[in-house]
Structure formats: structure tokens, C-alpha cells
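Written out below as C-alpha cells is the structure these notes cover.
Derivation of every value follows stated rules applied to the coordinates shown; laboratory data play no part. From a predicted model like this one, the values you see are computed outputs, not experimental measurements. Backbone-built Cβ (ideal geometry, glycine too); neighbour counts: all protein chains shown.
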């Protein structure tokens with residue numbers, strides 16, 4: 001379950017409220033190594049190594065240049081085994097850069113199933129509205145499962161065939 005409160009909270013006031021995750025700008029070398037994000041499989045390939053061992057849900061916002069180059073990534077929510085709270089306005093103000101007109105929202109499901117919940121649908125719609133207010137286009141919301149992902153843009157569940165085993 002995902003809770004998506006839309007609370008106006010600027011990063012400078014974050015210390016007054018709940019602890020916020022750190023947002024970071026991707027170093028240029030890492031951005032070049034990742035390259036472009038043009039489809040949900042690219043999102044899965046980038047985030048699954050960070051998410052598959054997690055026991056709790058986390059949410060990320062990937063910011064892309066007009067050429068779809070990954071410029072910035074922010075962990076915008078940490079939650080429990082079946083939910084994560086995302087403060088949408090804070091998330092966008094935290095990771096937003098002038099050269100990033102596109103965004104991709106993603107979060108993991110620790111149970112391994114990527115099928116979205118009704119809360120996930122609500123979160124996607126709320127993030128689209130919040131992004132539009134800041135003149136950002138939300139390209140997709142990718143739900144990460146253990147060996148699968150769901151793309152809201154494509155509306156399909158994709159099974160992923162691993163090329164190497166996990167240790």
C-alpha cells in the first residue's frame with residue numbers, strides 16, 4: 001500500500017517535520033555510465049540492484065534531460081513492508097533541476113510482486129498533477145518486483161529473465 005500525502009513542504013523546513021530521505025544529484029560520470037532512460041526496462045535495470053534486497057518499500061524519482069539522459073535521482077520515500085509515504089511537493093522541489101523536464105517515478109514491492117495496488121494508481125495520478133504544477137512531464141511510474149516490473153505507461157506486467165544469479 002502506498003500513501004501519498006500531498007503536503008507542501010519545502011526542503012528547508014524538512015527538519016521541522018518527519019525525517020526526509022537524502023536526495024542527490026547524479027555525478028556526471030555515473031550519469032554518463034547510466035546513459036539514457038527510454039523505457040521501463042531501463043528503469044528496472046538501474047534500480048533493481050538497489051531494491052531487490054530491501055525488506056521495506058522505497059520510492060525514487062528519476063529526473064531526465066530533454067535527451068532522456070539520467071541527470072538526477074532522489075530517494076523520495078521510505079516505508080514499511082507494504083507501504084511508503086511520499087510527500088510529492090517536497091519530492092519534486094528536492095530533486096528538481098532546471099534542465100530536467102521529464103521525470104519517472106518508481107518504487108519497489110518487497111513481496112516480489114510488481115502488480116500495482118489502487119494506492120499505486122492514486123499515487124501516479126497525484127504525482128502527474130504535482131509534476132504538471134512544476135512544468136515537469138511524468139513519463140512513467142515503474143513498480144519494481146523481484147524479477148518483474150509493472151509500467152503504468154505501458155500498462156503491462158513484464159517478466160525479467162536474469163542473466164546472472166544472485167549471491
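Taking 0.36 nm per residue of separation and subtracting the current Cα-Cα distance, fully stretching the chain between residue 134 and residue 45 would add 29.3 nm.
Assuming 0.36 nm per residue, please report the length gained on full extension of the stretch residue 97 to residue 30 beyond their Cα-Cα distance. Please list the in-between numbers first.
Numbers: separation 67, 0.36 × 67 = 24.12 nm, distance 1.70 nm.
Contour length minus the Cα-Cα distance gives 22.4 nm.
When 86, 136 are sorted by how many other C-beta atoms sit within 10 angstrom of their C-beta, beginning with the fewest, the order is 136, 86. Taking every DSSP beta bridge that has both ends in the range 17-159, the antiparallel portion is near 80%.
When 115, 52, 90 are ordered from fewest to most other Cβ atoms inside 10 Å of their Cβ, what list results?
Numbers: 115 11, 52 15, 90 25.
Fewest to most other Cβ atoms nearby, the residues stand as 115, 52, 90.
Going by how many other Cβ atoms sit within 10 Å of their own, how do 83, 99, 148 line up, fewest first?
Details: 83 15, 99 11, 148 18.
Ordered by Cβ neighbours within 10 Å, fewest first: 99, 83, 148.
For the pair residue 83 and residue 113, label points projected 7 Å from Cα toward Cβ lie 1.8 nm apart.
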